[in-house]
Amino acid sequence: MSERLDRPKEEQSRFWRRSGRSKDPDRMGAVTEGIARFLGTTRFLIYLTVFVIVWLLWNTWGPESLRFDSATNGYTALTLMLSLQASYAAPLILLAQNRQDDRDRVAAEQDRQRAERSLADTEYLAREVAALRHAVNETATRDFVRSELRALLEELQQADERDREDDERRPSD
């Protein structure tokens, strides 16, 4: 597979070569988690059931000279194998749960950070919208400008009329 590019390549001896994958501390956890996930599938239960049935049938009705686990001893080898499988399955399942808890913790932290960023963005946008509303309220509308222009025009007309009246009252020299 691909090697890690953020670490220098270590020298390998000629007699004992180890792949870069085995140095990855998470690799073993991923393998054991895969095994634990397989142990929880229907396929595994079917395989185990078929294995136990074949074992019991062979050691009960198979040729006497080829039987390897006696029914008179309570199938001791089968019991030992199933106990061994169970003793390995329990820690593997716990390891898988711990790894899942770690992933859930990381995902929860990322969700929290994402929520904080979203909240900050929303607050920023709310402030911007408020500033725009405030600016729009202070902006002169077309009707306001027209009314102001009309008022100024009326004032100018009145001033013009006063000037004319003043000019008419004054005697011409």
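Every number in this text was worked out from the coordinates using simple rules, so none of it is lab data. As the structure is a computational prediction, the values presented were derived from the model and not from experiment. Cβ placement follows ideal geometry from the backbone for every residue including glycine, while neighbour counts extend to all protein chains displayed.
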Handout entry: Karplus-derived 3J(HN,Hα), 6.51/-1.76/1.60, for each residue of region 68-79, Hz, glycine and proline x
Key = 10, 9, 6, 5, 5, 8, x, 6, 4, 5, 5, 4
Exercise for the section: Lys and Arg at +1, Asp and Glu at -1: add these up for the other residues within a Cβ distance under 14 Å of Arg127 and post the number. Expected result: -2
Completion exercise
Sorted by chain and number, the residues with a modelled amide H under 5 Å from that of Asp69, at a separation of 5 or more or across chains, are none
Problem - Phe68 paired with Val52, simple spin-label distance in nm, labels 7 Å along Cα-to-beta-carbon - result: 2.0
Fill in the blank from the handout: With -39,500 (n - 2.57) per DSSP H segment of 4 or more residues and division by the full residue count of the chain, the 222 nm estimate, nearest 500 deg cm²/dmol, is -26500 deg cm²/dmol
Practice task
Quick one: what are the phi-derived ³J(HN,Hα) couplings along region 38-49, Karplus 6.51/-1.76/1.60 with θ = phi - 60°, whole Hz, x for glycine and proline?
Solution key: 5, 5, x, 9, 5, 4, 4, 4, 5, 4, 5, 5
Practice task
Report the local net charge at Glu116: Lys and Arg +1, Asp and Glu -1, summed over other residues whose C-beta lies under 13 Å from its C-beta.
Solution key: -1
Problem - Calculated from backbone phi, Karplus (6.51, -1.76, 1.60) coupling profile of region 88-105 in Hz, x at Gly/Pro - result: 7, 5, 4, x, 5, 5, 4, 4, 4, 5, 4, 5, 5, 4, 4, 5, 5, 5
Practice task
Determine, from the Cβ-Cβ distance of Leu149 and Asp104 and an R0 of 41 Å, the FRET efficiency 1/(1 + (r/R0)^6), rounded to the nearest 0.05.
Solution key: 0.05
Exercise for the section: Sticking with the crude label model, points 7 Å out along Cα→Cβ, report the distance from Leu84 to Glu165 in nm, one decimal please. Expected result: 12.2
Problem - Length added when fully stretched, Leu156-Leu45, from 0.36 nm per residue minus Cα-Cα - result: 30.0 nm
